[in-house]
Amino acid sequence: SRPHMKILSGAAGMMMAMDTTIDPAAELAKAQSHLDHLIHLQQKADDDQADGADDASHENDAAAANEDVATSLYKRAIEAQDKIQFIKLQRDVMNLVNDTVKNSQRDGAVNEGGADVALSTATDQCTSLGLVLIRHANHHSHNIKSRQLYAKLTSWYANLQIDARQMACNLFRAHLQKEAPEYPSSQQSSTVIAEAFSSSSAKQQQQPQQSWSVVAKCLVELQIIHDAVQMVQSQPIDDNKHLLPQWRFDIVDELCRPIAERLRYHFLGEQSGLFTASASSPGGVESDKISTMDRLPEWLFRYLREIMDNHGAHSVVMIEGVQPLIDAVVDSLLVRTQFLSEEIDDIDSPDSSISAQDVLMELKQMYYGHSSIYFLREVSRMARHALRANSFLNHPDMVGSECRDHSIALRGIEQLFLFDDLLKKKIESDQGDGLFGIDPMLYPVRMTDTFLTPREDLLLWWMGDERDMAIARLKKCLCQPQTEEGSSPTNIANQQLCPPITDLFAALLYSSRSKANAFSDLRSQQMYVANVVAPLCSEYLELMHGEATLLRQRLLSRDTTKSYSGSDESLTANVLEWISTVTGVHMAGHVVLRSQITQNAESDQIRPEHHNPLDGVIKSIFAFGDAMVDEFVSVFVEQIMMERAKLAGYTMRAPFLISEHPHEHHERRGQREKDVKYTLTLSPDLNDSIHALSVTLKACQIAAAKVNSMDSRTAEMMYFGSQSIENSLSHAVGCKFLDIGLDPMGMCPEIYLDGAKQFCHDVCAFKRLFQHTTSSEGPMERAVAASQLMSLDESPLTALRDALCALISSDTGSEALFISDFAADSRLLEEAESMLDAKGFGSLALEEAVSIMNRRC
């Protein structure tokens, strides 16, 4: 065969280029002895220089002479070292030539079935010659003879490798067509290929599959040795290397060839040798030779997905067949190089030659997992070629003024995103199996970066349609059929803790984030956020603002049977609607917060200093949620409780009730002392207020109980609506009672015990409603402490007053305490505050407590 003849002719050429009468072993020993003699002379010169001379006049001459001797010895040592390396290169080449001649004489003529034997012989010679080139890659820079011989060896290897590679590819195609003719159209054919490549199962197969396994191993071995030679000749071995994007993988290319032939036949209408020799049977996707433009991306990507998944071209052939074959070939080469290194009598230092094992180990790390990624990259390349050949997104039927249906282009673009997502998941799955360290430059080029990103007009048109469709879906979700008049609102009646529009908004944002991250270009990502995500968030805020307005109107709607608001059922349902809406807005803010652009592995353009265009949107959504809580509390407290439920009347009457003398009260009322002394009930004008508040807080507890029954990671966020409304109501109602107790307007100059006890009873009745608030010292707690201090019996109140007077050394019979006496000394102020805290009034400021005690009669 031709490669076999080239082996012999190349060996003959190398023999003629060298003097075969020279014994390499004898010359190597002679050169080594000469080098040892030079090293001995240099050491002797160094010893003489160390001894020095007694005569000072001869020191400079001796130093110059020693320097000349050292320089001469160094040059002669370098020449001897180069000569040794040249002789070693001659020795390795002569051994290689002798082995080649012996193998050719032993094999003889190539008989039937000898093509595989010839390929094995050529592969073995390429491997042996490649290992010689690797070993002597850095030994020919100073010797012209060595450089000339190394150049001839490199030329011989290049010619031999080209012929052997071509022979291996031809044999591999023949075996593939014979053993798996249906590949890649069936799972069975992929299984046959994987079993043929598996070294463990190949021994159990029949003879044709054994031959195919040999051819596959030869093809991989030729690739590995060729890449190793290229690597050591291009740059130092200790550099951080990656496979270049233009790198080709022969065995994967051969397995991709049938896929490319079928793509050309089905989607480009081209005849090929594959189909003229063996026509495929009609049926399914393969029977459609001419694909119309509106379904081309869908059919193309579905066909490729079926090949990779259903037919096993990726999951079976690449992962279970090719990658184990590569690992096995590399391991066998490592064993071979280790055996050769033990046979060679290496007289050099360990760092004087390149270790072939180190090169192969580095290549093994570089190759690991690349067969799968390389296959996905080639599939993506074939798909791009098919789409370009059919003028995808450039055809008049898809875009332009003559386009008959714009949805065709939209469906095609959607298919691009789906296919990119498919390849991304496969890459992540491979990396999950331990395939790390792959250069992102080898990843498949994204379809969106090929067909969508370069055309800004098309990109903006598509983004506009994405925005309009998302906004239309939000509006459609909000425009649900309204309930009949007098019935309860919808969300909470259906036990929905979050409105459906928020669920839809979160789904749209998740989809938008996936599409934005599908672009590897930062500018395209930012354009998508600015043109789709930000308007979608703004529209959501507008719709929720309108929903909040409707909820406010429902909250203020009256019922003829109630003086303060609608029925209890209507109020409960309305409050639950508020809780649902507030919770939904809060969750929407977290969804936007988490829907950030993530940095792609293929791009390093994103930097922390880049401004996030959604920062303002996120702040607006959270601020709107807080504003909704404030609006609800303001409407409920100021209009329902204060105006309609008569709480305003109580706040006006309470100061007079507290400051009214008990004797005047009894005489005016005409009541006996025993009727009012021991019985305290809620003030009559607080009945409506406390009922409305209890119904509202019960609705908050219903929502919290519903969240407690959930088993979800987002359950903590679902508490936000009920907790924030309950806390805000506690704050607002507490402020009303605290203003009465502290009397900032001076409407209660005197405090009498009976009125203070009634006020304390009213405040504590409201405080008992707020059992689930998270605030420990809010206005409500301070109002309770103030009312309890106001209603303190005479004996403990006097004891507390006397203790405070003792701190400032004041007369206990003094009529009033002054805060200025305590403020003058920080230690006294701290002692007084500690005393109040010990009595249970620590939530009150000292000035507030002093004011209450001074007004107490």
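The values are calculated or read from the model by the stated rules, or taken from the named source; none is laboratory data. On a predicted model such as this, the values are computed, not experimentally measured, just so you know. Methodologically, a virtual Cβ is constructed for each residue, glycine included, from the backbone with ideal geometry; neighbour enumeration extends over all protein chains shown. The accessibility values were calculated without ligands, DNA or RNA, using every heavy atom of the protein model including side chains. Shrake-Rupley method; radii C 1.70, N 1.55, O 1.52, S 1.80 Å.
Couple of notes before you dig in:
- Projected over all directions and averaged, the alpha-carbon convex hull of segment 732-834 occupies 7.7 nm².
- Length released on extending from ALA823 to CYS857, taking residue separation times 0.36 nm less the Cα-Cα span: 9.8 nm
- DSSP-loop trypsin sites (Lys or Arg not before Pro) across segment 495-553, with at most 13 other Cβ within 10 angstrom: none
- Applying the criteria of a DSSP loop state and at most 15 other Cβ atoms within 10 Å to the GluC sites (Glu not before Pro) of segment 693-787 yields GLU750, GLU777.
- Fully extending the segment from SER186 to GLN553, taken as 0.36 nm per residue of separation minus the present Cα-Cα distance, adds 125.6 nm.
- Using the 1.4 Å probe convention, the accessible area of segment 694-767 works out to 43 Å² per residue with neighbouring protein chains retained.
- Links that overshoot a 26 Å alpha carbon limit, given the list LYS425/LYS619; LYS88/LYS364; LYS426/LYS515; LYS217/LYS425; LYS364/LYS424: LYS425/LYS619; LYS88/LYS364; LYS217/LYS425
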